[in-house]
Every structure is written in C-alpha cells, then in structure tokens.
Amino acid sequence: MPFFSAEHLTMRFGGLTAVDDFSLDLETGDLIGLIGPNGAGKTTVFNMISGSLKPTQGKIFFQGQEITGLKPNAITRRGIARTFQNIRLFQDLKVIENVMISYHGHLRSSFMGAVLKTPLYNREEREMIEGAMVLLRRVRLGEMSQERAGALPYGQQRRLEIARALATRPSLLLLDEPAAGMNPQETEELMEFILQVKEDFGLTVLLIEHDMRVVMGICQWIKVLDYGAEIAEGTPREIQQNPRVITAYLGEEEGGEGIA
C-alpha cells in the first residue's frame, strides 16, 4: 500500500459537487503539486485529508491505516500537518510561542499539572522551549525567537507558519498556497526553503499553488483539477504542454500568465 492514498474522494454540498471522484497516491519523499483554476476544489481536497471535512464518498489511508473522517487533531497526531492560504499565526505572540503551541499535542502532563507546575510539566516545558529553539534555528528564524510574530516580514511569517506545522512532527506536509502574496525574491527563497525542509525533515509534501514558477520549479509530479474533477496529471513539462490544462487556465485568466 502507498505511504498515502486517497481513493475516489467525492465532496458534495447540497446539490454542488466540489470534488468528484478524486484519487491520489503518494510515496515516501514525494513532492507533488495539486493545481487548478480558482474554485477547482483543491482546498476541499486538503480539508478532507486534514479532517476538516468528511468526504461524502471515498476513503483516505495513511501509513497503512484508514483515516477517513477522523478529527483534525487525531490526524495531526498521526503525522499529517498543513498550512493555510491565509496566514493563521498568533500575531501578538512571540515567534517562539507560536511554535511552542504546536508542541502541546505531544505533552503527557495534564491541565492540572500545568496549573500546579508539577515536575513532569516543568520538565516538558523546558523540553518544549529547547525543541522550539532548535526548530527555529533549523529554519533560520532563531534570531527572531523573541520578536512578535506579526512584526515579521511577510516571507518570514510564511516560514514561521511552516515551522509551526513542523513542530507537530509530521511525515506528510500539506502546503496550501505558501507563495500567496510574495514578491519574486521571497518566492525564490520559499522554493529553496521548501526543498531544504523536505530533505532536512524527511517529509513527503503535497502542494497547492497558483504561482506556476513554484509548481514547475520544485514539483516532481502534478495533478490538475477543474470544476472538482481531475483533468490531467504528469510531469511539469507534460502539464505545461497539456491542451486541457492550458484551456482551463486561459479560460480563467483570459490570456494571462497561464501555466508558463
């Protein structure tokens, strides 16, 4: 069985079919892109995988076990983490505090342990701080650990959001439009960062992205959705030359940047 498998996923909202019979297999170490025009159903796929939505039909398997319909916290504990198109940092908390929050899912001490400052909680709190600092240094944010998250430049906020996802200790990372709102230099740095994080942390990555420079530059394989249905899959070069994909993008963007 593949490392991750989504089988015939369908998501209906009343009379609207947002995703129709979508399937995907991932092997360990893959970096796969999921693209398509606005409203194609990409984020709905992410929401089903991460537990925010229960598929109307279909099944999801991760590391040999079915996870269909599990709650988001249960899926996170099993090793799947995600980021969001709109940055969801705690803007008024420090950088290190944002990362520490993600460690709480691994704590063994209870709420009362935290209130009473038991030896177990004190030890785990020290380990949490030390772990957060190690992680921040690995993603080149160590010097900003005491800064307010909302004061970071936009590109570094994106990096912090990925760091916070990494703190949950995932083996599968879902990135939802990580380059959204970035300038060209930030985008180039992000591409290098994603490849670095993938290798350093031994991750499998599924990426949604509208910026085709990112998708074509780092993805090994690409699947394309349009109106909830898969219309193509292949290597970046094959997708660039696929007539159905070109039509889908030009139809949305009226002759814009397309899939160059």
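The values are calculated or read from the model by the stated rules, or taken from the named source; none is laboratory data. Treat the numbers as computed from the prediction; the structure is a model and nothing was measured. When we count neighbours, we look across all protein chains shown, and the Cβ atoms used for this are built from the backbone with ideal geometry, even at glycine.
Taking R138 as meeting all but one of (1) over 15 Å from I87 (Cα atoms); (2) crowded, with 19+ Cβ neighbours inside 10 Å; (3) charged (D, E, K, R), write down the number of the exception.
(2)
Report whether or not P178 is closer than 30 Å to A132 by Cα and surrounded by fewer than 17 Cβ atoms within 10 Å (Cβ to Cβ).
Numbers: closer than 30 Å to A132 by Cα: yes; surrounded by fewer than 17 Cβ atoms within 10 Å (Cβ to Cβ): no.
So P178 fails the test.
Just need a number here: residues in the range 216-238 that are surrounded by fewer than 22 Cβ atoms within 10 Å (Cβ to Cβ) and touching a strand residue (DSSP E or B) at 6+ places or on another chain (Cβ under 7 Å).
Our first condition is that a residue be surrounded by fewer than 22 Cβ atoms within 10 Å (Cβ to Cβ); within the range 216-238, this holds for 216-218, 220-221, 226-227, 229-238.
Subset that is touching a strand residue (DSSP E or B) at 6+ places or on another chain (Cβ under 7 Å): 218, 220-221, 229-236.
Here the count works out to 11.
Of all helices (runs of 4 or more DSSP H) completely enclosed by the range 23-133, which ones contain at least 3 residues that are modelled with pLDDT under 95?
Values: elements: 42-50, 72-78, 95-103, 111-116.
In the range 23-133, 72-78, 95-103, 111-116 are the helices (runs of 4 or more DSSP H) which contain 3 or more residues that are modelled with pLDDT under 95.
Let me spell it out: the conditions are (1) farther than 26 Å from G202 by Cα; (2) assigned to a loop (DSSP other than H, G, I, E, B); (3) at pLDDT 90 or above, and G150 meets all of them except one. Which number is the exception?
G150 satisfies every listed condition except (2).
Checking the conditions here, which among T204, T235 is without any contact (Cβ under 8 Å) to a residue 40 or more places away in the chain and of a type in the set (S, T, Y)?
Checking each option against the conditions leaves just T235.
Considering only residues that are touching a residue at least 24 places away in the same chain (Cβ under 8 Å) and not in a strand (DSSP E or B), look in the range 1-22 and name the one that is surrounded by the fewest Cβ atoms within 10 Å (Cβ to Cβ). Steps first, please.
Applying the first criterion (touching a residue at least 24 places away in the same chain (Cβ under 8 Å)) to the range 1-22 yields 1-12, 17-22.
Now narrow it down to the ones that are not in a strand (DSSP E or B): 1-3.
Working: M1: 10, P2: 15, F3: 17.
Filtering first and then ranking leaves M1.
What number of residues within the range 45-79 satisfy the criterion of being polar (S, T, N, Q) and more than 23 Å from L203 (Cβ to Cβ)? If you could, list the steps in order and put the result at the bottom.
We begin by selecting, within the range 45-79, every residue polar (S, T, N, Q); these are 47, 50, 52, 56-57, 63, 65, 68, 73, 76.
Filter once more, keeping what is more than 23 Å from L203 (Cβ to Cβ): 56-57.
Number of matching residues: 2.
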